[in-house]
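Engineer: Input: one structure, supplied below.
Every read-out reported here was derived from the displayed coordinates using simple, explicitly stated rules and does not represent laboratory data. What you see is a predicted model; the values in this text were computed from it and never measured. Every residue, glycine as well, gets a Cβ built from its backbone with ideal geometry; the counts of neighbours run over all protein chains shown.
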Amino acid sequence: MKELLIKLNVLMAQSDQAECSIEADKILINFLENIKELCDSNIEESKKEDNEREALMFMFLKERCLSTIIDRNLQLQAGLDKHIKILEKAKEVKLELDSVQQQEGVVH
């Protein structure tokens with residue numbers, strides 16, 4: 001469990017770095033989804049063994065994973081939206097540049 005938390009913190013730190021955020025976020029989300037599945041099975045097992053404390057610990061980890069997945073997905077979506085706006089603006093600028101070049105060609 002301690003190793004999982006350490007790995008989670010390392011992946012979260014890597015995903016916070018701007019230069020590798022999208023790829024690191026993908027890796028982090030994949031890791032978190034795997035941890036969530038692991039937590040689900042451990043919660044069930046802990047309940048079968050009547051170990052409420054362990055079940056609560058895995059529920060807490062699962063909740064943290066889910067909230068981080070949601071947060072990172074929202075960040076990825078915001079990043080994608082920003083890139084789409086930049087591409088749309090670049091397209092507009094290219095169209096204007098093409099128009100100016102055509103006008104210059106007609107004048108010469």
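Engineer: Taking neighbour Cβ counts within 10 Å as the exposure measure, how do Ile43, Ile84 sort from fewest upward?
Structural biologist: Numbers: Ile43 18, Ile84 10.
Ascending Cβ contact count within 10 Å gives the list Ile84, Ile43.
Engineer: Here's another thing I want to ask about it. Name the residue farthest towards the positive end of the dipole of the chain from the options Leu38, Leu56, Asn73, assuming +1 on Cβ of Lys and Arg, -1 on Cβ of Asp and Glu, about the Cα centre.
Structural biologist: So the residue we want is Asn73.
Engineer: What is the count of Lys pairs in the chain whose alpha carbons sit under 21 Å apart, if the two are 8 or more places apart or on different chains?
Structural biologist: 17
Engineer: With Cα Rg over 2.2 N^0.38 Å as the read-out, I listed (1) 1.80; (2) 1.30; (3) 1.09; which label goes with the value calculated from this structure?
Structural biologist: The calculated read-out lines up with (1).
Engineer: Placing unit charges on C-beta atoms (Lys and Arg positive, Asp and Glu negative, everything else neutral), compute the dipole magnitude of region 2-83 about its Cα centre in debye, rounded to 20.
Structural biologist: Numbers: 11 positive and 17 negative charges, 31 e Å.
That gives region 2-83 a dipole magnitude of about 140 debye.
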